[in-house]
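A short worksheet on the structure shown next.
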Amino acid sequence: MAAVMVVISALAELRSSTPYGRFGNPGEGILTFAVDSRIGWWLMELPCSAVFIYQFFFVGGPQAGKWMPRFFAFLFCCHYLYRGWLFPALLNVHPNSKNFDVGIAFGSWSVTILHAYLNARWYAEHGTHLVPTKHDKHVSYYWSSDVRFKVGIFMYYTGLVSIIYHDHLMRTLRPCPDGERYCIPRGGLFDYVTMGAYLSELWCWLGFAIASWGPNGAFIFLVSLVNLVPRSHATHQWYLDKFPEYQSLNRARLIPGVW
């Protein structure tokens, strides 16, 4: 099911950019019923918190009480405390702006519910490499000592810090000069690529996938990849069309000096 969802997400985003943000203007695309971006983001991410907490802490599994699965549960809950609750609340939206398709928010539940469910099941039951195992009567193997965990966690947390920082840069753009709705972001990765926040998110989820080393991490990284890469191209072109001076900034779309 997760593999099919990745393919569906890729085909949908290649067909047209998901209608939220700058691509969610009323009367354009497939926008049906628009809501404030703060409400849209909260609705879209809500299952990540609710489903995971129910599945891991209430349904549980044989590993749910072990310290490493609980560490990942803590990581997951903190991530969506920010992305699902704080991020929407902190959004600095344009006055009277309603550009988030509520159909997209609910439609995305197919991804967010599956994401939460896969992680809860992996930590509580199927990710047996996360708990200590006896190699012999003297030596125990701990996932925290594995290079995949160390590299992955480093990537995840540096990516998360970068996400929060670039979200802050985007929030502080408003009010734009002359009362404009949009203006060019600057600072951090935005000086090198159009979609610095997307690059941060992909780096973060790649680290998460390496650290947890299972289909749970592969799913969220791949579904983010097929969504954000086409959207990066569309957004880069949008800036080129809207701001005549943007070409002179010589920014890449997503990866500095590459694309």
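A few remarks follow.
- Those residues of segment 81-114 which are more than 12 Å from residue 34 (Cα to Cα) and among the small types (Gly, Ala, Ser), in sequence order: 84, 89, 107, 108, 110
- In segment 189-208 there is no residue that is surrounded by fewer than 18 Cβ atoms within 10 Å (Cβ to Cβ), more than 20 Å from the chain's Cα centre (by Cα) and at positive phi.
- Within segment 157-175, restricting attention to residues that are among the charged types (D, E, K, R) and in a helix (DSSP H, G or I), the residue that is most open to solvent (accessible area, probe 1.4 Å) is 171.
- For segment 170-218, the set of residues classified as over 28 Å from residue 242 (Cα atoms) and of a type in the set (Ser, Thr, Tyr) consists of 212 only.
- The residue of segment 181-195 that is nearest to residue 209 (Cα to Cα), among those that are of a type in the set (A, V, I, L, M) and not in a helix (DSSP H, G or I), is 195.
- Evaluating residue 178 against the criteria (1) part of a helix (DSSP H, G or I); (2) of a type outside the set (Gly, Ala, Ser); (3) touching a residue at least 60 places away in the same chain (Cβ under 8 Å); (4) surrounded by fewer than 20 Cβ atoms within 10 Å (Cβ to Cβ) leaves one unmet condition, (3).
- Any hit, segment 139-150, residues being open to solvent by 60 Å² or more (accessible area, probe 1.4 Å), in a helix (DSSP H, G or I) and among the basic types (Lys, Arg): yes
- Failed item in (1) open to solvent by less than 40 Å² (accessible area, probe 1.4 Å); (2) within 14 Å of the chain's Cα centre (by Cα); (3) more than 19 Å from residue 211 (Cβ to Cβ), with residue 85 passing the rest: (1)
- For residue 242, the conditions (1) modelled with pLDDT under 95; (2) open to solvent by less than 50 Å² (accessible area, probe 1.4 Å); (3) among the basic types (Lys, Arg) all hold with the exception of (2).
- Whenever a residue of segment 27-46 is closer than 20 Å to residue 12 by Cβ and modelled with pLDDT of 65 or more, its partners that are in a helix (DSSP H, G or I) and of a type in the set (D, E, K, R), lying with C-beta atoms within less than 7 angstrom and at least six residues away or across chains, give the pairs 45/83.
- Cβ-Cβ under 6 Å pairs, at least 6 apart or on other chains, segment 239-259 side over 14 Å from residue 182 (Cα atoms) and hydrophobic (A, V, I, L, M, F, W, C), far side part of a loop (DSSP other than H, G, I, E, B) and open to solvent by 30 Å² or more (accessible area, probe 1.4 Å): 252/259; 259/253
- Failed condition for residue 156, given (1) of a type outside the set (A, V, I, L, M); (2) more than 21 Å from the chain's Cα centre (by Cα); (3) at pLDDT 95 or above: (2)
The values are calculated or read from the model by the stated rules, or taken from the named source; none is laboratory data. The model shown is predicted, which means the values in this text are computed figures rather than measured ones. FYI the Cβ positions are ideal-geometry reconstructions off the backbone, even for glycines, and counts take in every protein chain you see. Accessible surface is based on the protein model in full, side chains and every heavy atom, while ligands, DNA and RNA are left aside. Shrake-Rupley method; radii C 1.70, N 1.55, O 1.52, S 1.80 Å.
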